[in-house]
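Let me begin by presenting the structure, written as structure tokens, before commenting on it.
The values are calculated or read from the model by the stated rules, or taken from the named source; none is laboratory data. None of the values given here were measured: they were computed from a predicted structure. Note that we place each Cβ from the backbone using ideal geometry, even for glycine, and neighbour counts take in every protein chain shown.
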Amino acid sequence: MVWARGHKSDWDYFAQEANDPAWSYDSVLKIYRRIEDWQGSPDPEHRGAGGPVFVEPATNPNPIAPAMLDAARSLGIPTFENQNGRMMEGDGGASIIDVRAKAGKRQSIFRSYVYPRMDQENLTVLTGALVLKLNIEAGRATGVDVLLDGVVTTFGSTKEMVLSMGAIQTPKLLMQSGIGDESELRRHGIPVLQHAPGVGQNFQDHVAFDCVWEYLDPLPPKNTMAEATFFWKSDPALPSPDIQACQAEVPKTTPENAARYNVPQHGWTLFGGLMRPKSRGHLSLTGPQATDPVVIEPNFLSHPDDLKAAIACVELCREVGNAAPLRSFSKREVMPGLLKGPGLEDFVRNAATTYWHETCTAKMGTDKMSVVNGRLQVYGIQNLRIADGSIMPRVTTGNTMAPCVIIGERAAKELSKDHGL
């Protein structure tokens, strides 16, 4: 439920890759202001009101959250009024988290955009439907085969089709429909309709690491159980922040580190992550059918710079977590403790997990590995667009929900322009 818009440099990079100023930060900021219904302190330069997307700073936060901001400030990390205004235009900082929650209830994008229009005659929502294959004739998308209530049904398309299946299922469907690297398709007996070597490549995610403290006096988690965050640089020479930590008001870790450390029942976590990973993964098929699983090779920490940044991130989390403003909340540091050198590297590798921000597997751009252009049209296939996180050229700084909403808004704009909607 974290609403994180991405850094200014992310959107300017998108515009550069797409060769389209409509993706620039200045352009995207206008969309954010239009769609937001911001409940925090007014900031007309950065925030909007009255839009479909309800956003508020975590309300009446657990006392440990503002204490984390004080701890960050004591180390020279500035604090900001919120995470989506000035903070995402500069070197980073710390703030209470912006969340998509209202009166204690999560606010999904489906509920905000689609649910109010469910009675429209020109909208049909089918649940429990498995998309099997795109139908493509003479380089043109003409429909889709779907398994619905045990029956294969074909839906035709006279205008356009938009895929919004995410960074795993979108490239999988493309490849199983004949759009992908020809060697990968032929390996599974799939006829090649469009050689697109970038499909399933460029996989990115925010790999993350848990640093845990035991509560001195347990406090119940509030809001979405994470109410404070900071963005900072692993190296001061970098132009923008490349690491983040969210404070989780519960203890969490990987099975590997759980087996090594005595993780308490009551504790809190600084969940640090790499916002600008240089490692790149890929997806590959195991067969031609929709029920065949896809193989995800994330290649986390395969680039040496990522391991270096990961160690810097964990060390910064330790500094923040052990700073004076948080000592009254801590009985002990559970992990990683005073590890250095190979021991700290082993901890990082064992702690590595996903931030659940899988993206970039059908990227937007103009080079030979790009899958869509700046208008989100799939290269080589008419009447087919993609509108999900797979089109990101690189993963954005922070949680990816808000940038995916921007991708949907941009797709809607292009469709409206082309079809007079």
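Of the strands (runs of 3 or more DSSP E) contained entirely in the range 140-211, those carrying at least 2 residues that are touching a residue at least 40 places away in the same chain (Cβ under 8 Å) fall at 140-148, 161-163. Condition check for residue 236 on (1) in the same structural domain as residue 350 (by TED's automatic domain parsing); (2) closer than 24 Å to residue 387 by Cβ; (3) of a type outside the set (Val, Ile, Thr): one failure, at (2). Collect the residues in the range 12-66 that are under 22 Å from the mean Cα position of the chain (by Cα) and polar (S, T, N, Q), keeping them in residue-number order. Within the range 12-66, 16, 24, 27 meet the criteria. For the range 60-77, the condition holds for no residue, the condition being that it is assigned to a strand (DSSP E or B) and modelled with pLDDT of 95 or more. Pairing each residue of the range 305-324 that is closer than 14 Å to residue 77 by Cα and assigned by TED's automatic domain parsing to the domain that holds residue 242 with any residue that is of a type outside the set (A, V, I, L, M, F, W, C) and in a helix (DSSP H, G or I), provided the two are 6+ apart or on different chains, yields C-beta distances under 9 Å for 320/74; 323/70; 323/74. Criterion applied to 121, 160, 137 was being surrounded by 11 or more Cβ atoms within 10 Å (Cβ to Cβ) and among the acidic types (Asp, Glu), and the one residue passing it is 160.
Of the residues in the range 91-99, at least one is surrounded by 20 or more Cβ atoms within 10 Å (Cβ to Cβ), touching a residue at least 12 places away in the same chain (Cβ under 8 Å) and in contact with a Cys (Cβ under 8 Å, 6 or more places away or on another chain). Residues that are within 18 Å of the chain's Cα centre (by Cα) and either over 17 Å from residue 168 (Cα atoms) or crowded, with 21+ Cβ neighbours inside 10 Å (or both) within the range 356-375 comprise 357, 358, 359, 360, 361, 362, 363, 364, listed in sequence order.
Scanning the range 282-293 finds no residues that are under 22 Å from residue 350 (Cβ atoms) and either outside any strand (DSSP E or B) or not assigned by TED's automatic domain parsing to the domain that holds residue 65 (or both).
Here is a yes/no grid of residues against (1) among the hydrophobic types (A, V, I, L, M, F, W, C); (2) modelled with pLDDT of 95 or more:
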position	(1), (2)
232	yes, yes
243	yes, yes
256	no, no
260	no, no
265	no, no
269	no, yes
273	no, yes
278	no, yes
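So that you can scan it fast, the table gives a plain yes or no per residue for (1) buried (at least 18 other Cβ atoms within 10 Å of the Cβ); (2) not assigned by TED's automatic domain parsing to the domain that holds residue 63:
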{"position": "198", "(1), (2)": "yes, yes"}
{"position": "210", "(1), (2)": "yes, no"}
{"position": "221", "(1), (2)": "no, no"}
{"position": "228", "(1), (2)": "yes, no"}
